[in-house]
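Working notes for the structure below.
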Amino acid sequence: MAAAFACATAAAPFARAHGVASPDCHAVKFVGVRGSGDTAVPFGLIAAKISGALVAKAHAAGVDYGTYGLPYTAVGIAFKVTMPPAYWLSERQGRNMLRAYIREQTHDCPSERLLVEGYSQGAQVVGDVFSNGVGGLDATALARIAGVALLADPRFNSRESYDHGTFRLGRNGILGARSPGDLTAVSGKIAAWCRNDDIVCQGPGSTGSHDQTHYWDDYGQAVVAFLAVRAGLTGKPPATTTTTAVSSGWPVHRNDGPPALFIWLGASFIMPSWSACTAVYCIVGDDADQRVLVFKIKGGIDELGWIAESQDPRTALAKAGFGQADVDALLAPTG
């Protein structure tokens, strides 16, 4: 295995580092990083679908768009709590190659904006490159990053504000959650998606839930929309502030509850799928039971009762005694 890995590493250098090709510069470039064992090179299965959708948006917006698939080994291996050396060699190779590529593009294409996506092992590679601990990119390189999308990250932290999906709060990546705030270098530019019971981003779970087809079907359009907005492919400038519009559904992408609430929930053995809070009230969703638990958070934590998740959110909260301003604040999506 070690010999095979060494050959793969040697066979995939960056072309311009050896003077073979001139810089490939575009206004916007999508960089895809494959998951373990994905042979749909150079992007991988889900990255190819995401990029295909972005190409159409870039063409419609009149934006020069390019692509790059990171040619690292992406060794195919079954995920478990203790991974063999081959995985860590592959992940480190990917991290080093991606970091070097971003630096080269920053130097050669100073006006280019990068969209970076990673799935599974690729998500760990991408996350590590932007990590406060092992990232290593300077401010100039980070300024070139327009958007970052992590899908099924083996180091998923279920309590980050940029998380999306049906994941269970408190269940993290199989290789251990990243430390809180580890990816602040790309704060406001990053989003992560994780499916409930995914063996990789939810710890021990189902391999079926980890399938890329499910990720594309469930979140593909959301990922494309996020990256398109970040790169200005929608005809609108990237969002930089939180919207105050009121959602037509429950705010399932938010997890902004105070630490005291999560401690209370943990002690009560309730692991909500999402939370949405104001200074006084919190609502938390339990996707498994299709219900919303309502709390008052002021001088303590008071459980106010359950609401059926299938009900219209505005009507349900109004019936529960919430005023117009509280309903608007609880249902306002985060940017």
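Contact list please: Cβ distance under 7 Å, first residue in segment 54-74 and in contact (Cβ under 8 Å) with a residue 24 or more places away in the chain, second residue part of a helix (DSSP H, G or I) and polar (S, T, N, Q), pairs at least six apart or on different chains. Qualifying pairs under 7 Å: Thr67/Ser51; Tyr72/Ser90; Tyr72/Gln93; Thr73/Thr9; Thr73/Ser90; Thr73/Gln93; Ala74/Ser90; Ala74/Gln121. I'd like the residue in segment 197-211 that is modelled with pLDDT under 90 and of a type in the set (S, T, N, Q) and, out of all such residues, is farthest from Ser158 (Cα to Cα). Step by step, filter segment 197-211, then rank; the result is Thr207.
For segment 273-335, give me every one of the strands (runs of 3 or more DSSP E) that falls completely inside it and has 1 or more residues that are in contact (Cβ under 8 Å) with a residue 12 or more places away in the chain and more than 22 Å from Thr166 (Cα to Cα). Don't jump to the end; show me each part of the working.
Details: elements: 274-277, 281-286, 291-297, 301-308.
In segment 273-335, 281-286, 291-297, 301-308 are the strands (runs of 3 or more DSSP E) which contain 1 or more residues that are in contact (Cβ under 8 Å) with a residue 12 or more places away in the chain and more than 22 Å from Thr166 (Cα to Cα).
For segment 129-167, filtered to residues that are within 21 Å of Gln212 (Cα to Cα) and among the charged types (D, E, K, R), the residue that is farthest from the chain's Cα centre (by Cα) is Arg155. Against the list (1) buried (at least 18 other Cβ atoms within 10 Å of the Cβ); (2) aliphatic (A, V, I, L, M); (3) modelled with pLDDT under 85, the condition Met271 fails is (1). When segment 75-99 is filtered for residues that are within 22 Å of the chain's Cα centre (by Cα), in contact (Cβ under 8 Å) with a residue 12 or more places away in the chain and not in a loop (DSSP other than H, G, I, E, B), the ones remaining, listed by number, are Tyr87, Ser90, Glu91, Gln93, Gly94, Arg95, Met97, Leu98, Arg99. Scanning segment 91-117 for residues that are surrounded by 21 or more Cβ atoms within 10 Å (Cβ to Cβ) and under 15 Å from Leu175 (Cα atoms) gives a single hit, Glu91. Scanning segment 38-62 for residues that are touching a helix residue (DSSP H, G or I) at 6+ places or on another chain (Cβ under 7 Å) and in a helix (DSSP H, G or I) turns up Leu45, Ile46, Lys49, Ile50, Ala53, Leu54, Lys57.
Residue check: is Val33 within 30 Å of Asp217 (Cβ to Cβ) and at pLDDT 95 or above?
yes
Collect the residues in segment 132-168 that are in a loop (DSSP other than H, G, I, E, B), in contact (Cβ under 8 Å) with a residue 24 or more places away in the chain and over 21 Å from Ser120 (Cβ atoms), keeping them in residue-number order.
Residues of segment 132-168 that are in a loop (DSSP other than H, G, I, E, B), as a first pass: 132-138, 144, 152-162, 166-168.
Now narrow it down to the ones that are in contact (Cβ under 8 Å) with a residue 24 or more places away in the chain: 132-137, 144, 152-162, 166-168.
Those that are in a loop (DSSP other than H, G, I, E, B), in contact (Cβ under 8 Å) with a residue 24 or more places away in the chain and over 21 Å from Ser120 (Cβ atoms): Asn132, Gly136, Leu137, Arg144, Ser161.
Looking across Ser111, Ser90, Ser36, one residue alone is closer than 22 Å to His214 by Cβ and hydroxyl-bearing (Ser, Thr, Tyr). It is Ser36.
The values are calculated or read from the model by the stated rules, or taken from the named source; none is laboratory data. Owing to the predicted nature of the structure, the values given are computational and were not obtained by experimental measurement. All Cβ positions, glycine included, derive from the backbone under ideal geometry; neighbour counts span all protein chains shown.
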